[in-house]
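What follows is a single structure, written as structure tokens, with notes after it.
The values are calculated or read from the model by the stated rules, or taken from the named source; none is laboratory data. What you see is a predicted model, and the numbers here were worked out from it, not measured in a lab. So basically every Cβ, Gly included, is an ideal-geometry build from the backbone, and we count neighbours across all protein chains shown. Calculation scope for accessible area: heavy atoms of the full protein, side chains included, ligands and nucleic acids excluded. Shrake-Rupley method; radii C 1.70, N 1.55, O 1.52, S 1.80 Å.
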Amino acid sequence: MEEHADQPRVMNVAVLQLSSQDDVGANLARIQDLVVDAARAGAELVTLPENFAFMGEESKKCEIAESLSLDSGGGPIASAIVRIARDAGVWIVAGGMPETSTDPNRPFNTSILVSPDRGIVARYRKIHLFDVDLPDGTKLRESNTTCAGNEPVLAEIADNTGVMLGMTICYDIRFPELYRKLAFGGARIVTVPAAFTVPTGKDHWHVLLRARAIENQIFVVAPAQHGKHPRGRQTYGKSLIVDPWGDVLAQAPEGEGFAMARIDFAAQDRVRAALPCLSHRRL
């Protein structure tokens, strides 16, 4: 990765843990309060979980889907996030949210990176869709109501610093090739906004996040949904920030709120220099 003279050595990062429901306005109001709290606590980057604006009937998800263009405010949901980022003076990773596609019945599940000064600067459409039959009888078919993306996304976080952020969403965490591609593209941080189910979360959430951090020597930042939602859905929570050695730097407590950690890029450099496994790859 190319070094920049003004590259930050540390960054304060927050993960918001939400229990989003089917009222978009109420969800956005709660997000605004929590982002302001995190900014007052010193956060420079605040991350929001998957489905941050809406958790409810799939038909309504199509109704609220909006166009998302770079360097703009987008529709009502994205515009609210742009305004919150500007007012709080923080960068925000928000995702996923419904983005219109060529199929009106199947929007993209999209995460956006928002600058406090420039609005939406990056957009990632979830590549891997959650189609599963869980042991507790839960059947989920994300592909029935969602279009899949097809491109990994890297973006600079904090202007003119050279610190690159990779963007993923939830089920992507089970596909290590995506994270390796982001790491080789220069990612220092990878975000994983999620709405993990309880059965998979209790067994796999910590393990997968720590594995992706260790094998790619990256900071993994994973804001999550927590608790009970409409349609009988329940999510695991345990929002995490993991360092390149696999240590959990911060974990959100039960319920809504946020956790924050100071991520140290110099420490990341030391890990990569002492154990240069990324340069040892042969396949």
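Brief remarks on what is shown
- Out of T102, T110, one residue alone is open to solvent by 10 Å² or more (accessible area, probe 1.4 Å) and either closer than 29 Å to K181 by Cα or in contact with a Phe, Trp or Tyr (Cβ under 7 Å, 6 or more places away or on another chain) (or both). It is T102.
- Total residues in segment 219-247, condition under 30 Å from R270 (Cα atoms), small (G, A, S) and free of Cβ contacts under 8 Å to residues at least 40 places away in the same chain: 1
- Scan of segment 16-68 for residues that are open to solvent by less than 10 Å² (accessible area, probe 1.4 Å), at pLDDT below 95 and not in a loop (DSSP other than H, G, I, E, B), ordered by number: none
- For segment 163-195, filtering for residues that are assigned to a helix (DSSP H, G or I) and either of a type in the set (S, T, Y) or over 16 Å from R272 (Cα atoms) (or both) leaves 10.
- Residue list for segment 124-137, restricted to those being open to solvent by 50 Å² or more (accessible area, probe 1.4 Å) and in contact (Cβ under 8 Å) with a residue 12 or more places away in the chain: R125, D131, P135, D136
- Of all residues making up segment 227-272, the number that are open to solvent by 80 Å² or more (accessible area, probe 1.4 Å) and assigned to a helix (DSSP H, G or I): 2
- Filter result (touching a helix residue (DSSP H, G or I) at 6+ places or on another chain (Cβ under 8 Å), open to solvent by 10 Å² or more (accessible area, probe 1.4 Å) and aromatic (F, W, Y)) within segment 147-190: Y171, F184
- Of all residues making up segment 93-119, the number that are touching a helix residue (DSSP H, G or I) at 6+ places or on another chain (Cβ under 7 Å), part of a strand (DSSP E or B) and more than 17 Å from M164 (Cβ to Cβ): 4
- Residues within segment 47-80 that are of a type outside the set (D, E) and more than 17 Å from the chain's Cα centre (by Cα), tallied: 17
- Matching residues, segment 198-226, being farther than 17 Å from A261 by Cβ and open to solvent by 10 Å² or more (accessible area, probe 1.4 Å): V198, P199, T200, K202, D203, H204, V207, L208, A211, E215, H226
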